[in-house]
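See structure below.
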Amino acid sequence: MFTTPLLLLAAAAFSLTTAAPTTQPTPSKTDSSPRITHTVVAGRPGLRFDPENIFAEPGSIVEFHFLQLNHSVVEAAFAAPCQPKDAASFYSGFFPVPKNADGSASQSKEVFQIEVKDDKPIWFYCAQDKGRHCQSGMVGVVNQKVDSGKTLEVFRTAAKGVEGPAGVQAAVQGGWRGENPNPLGGF
Ligand SMILES: *[C@@H]1O[C@H](CO)[C@@H](O)[C@H](O)[C@H]1NC(C)=O
Ligand SMILES: [Cu+2]
C-alpha cells in the first residue's frame, strides 16, 4: 500500500487516543524510513496477547511489548500450535519482568519487532512452560483469513490440546530485539 504523509499524520493523531497503530522510526539497520507499527502487549490481560488478532499491511511492523512475568513470542504453523513452524520461525527469547515494588504493572525495557512481509497469516504463541502459557491460550495471529476457517479460535482450541512442552528456537531470530522505542506503549 502506498502511504501518503497525510495518512501517516492521521495515524499519529489517532494514536493519541487509542492503542491503534502508531508511526515511529523503526530501529532497523537497513531501512530508517518510518513504518506503521502495530503494538501488541504480552501479558496485559493475564496469559494473553493484546490485541491477539492483528491486521497489519505488508511492510508494517508488529512490535511486542512484555509485561511482568516471563513471556516470549514464537512463530507457529496453524496446524501445529506451541511449536516453531520451521527452522526460520521467529523467536523473541524470554523477557523476565519483575513486578514493580508498589504492585503496579511493569514492562520490559526491550521489545521484539517483526516485519510483516506479505499478507499471509502469521500464527504465534508464548513458549513459557511454567504455567503452560501456549496451552492456556496465549496465542495470536496476524492477518487471519476469516473465510478459510483457519481462525484464531480454532488455533487456540488446538493449542489447549497440546500435551508436550512448548517449543523454542536455539537463539533469538527472525526479528529485532532491543530497547523499547515507545516506553509508554503497552499500558
Ligand atoms: C524465563 O523463562 C525461561 C523459560 O522457561 C527460563 O529458562 C528462564 O530461566 C526464566 N527466567 C527467569 C528470570 O525466571
Ligand atoms: Cu507467556
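Each value in this text was obtained by applying a stated rule to the coordinates, not by laboratory testing. Just so we're clear, the structure is a prediction, and the values are computed from it rather than from any experiment. Because the Cβ atoms are built from the backbone with ideal geometry, glycine has one as well, and the counts that use them run over all protein chains shown.
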Distance (nanometres) between label positions extended 7 Å along Cα→Cβ at LYS117 and ALA105: 3.2 nm
Given charges at Cβ of Lys, Arg, Asp, Glu: the stretch 82-174 dipole, positive-most of PRO165, VAL141, PHE155: PRO165
Relative contact order (%) - criterion: Cα under 8 Å, at least six apart; region: the stretch 34-179: 29 percent
R0 of 22 Å, Cβ-Cβ distance VAL154-ARG177: FRET efficiency to nearest 0.05: 0.15
Flagged links, alpha-carbon separation over 18 Å, of LYS130/LYS160; LYS85/LYS150; LYS117/LYS160; LYS109/LYS130; LYS99/LYS160; LYS117/LYS150: LYS117/LYS160; LYS109/LYS130; LYS99/LYS160; LYS117/LYS150
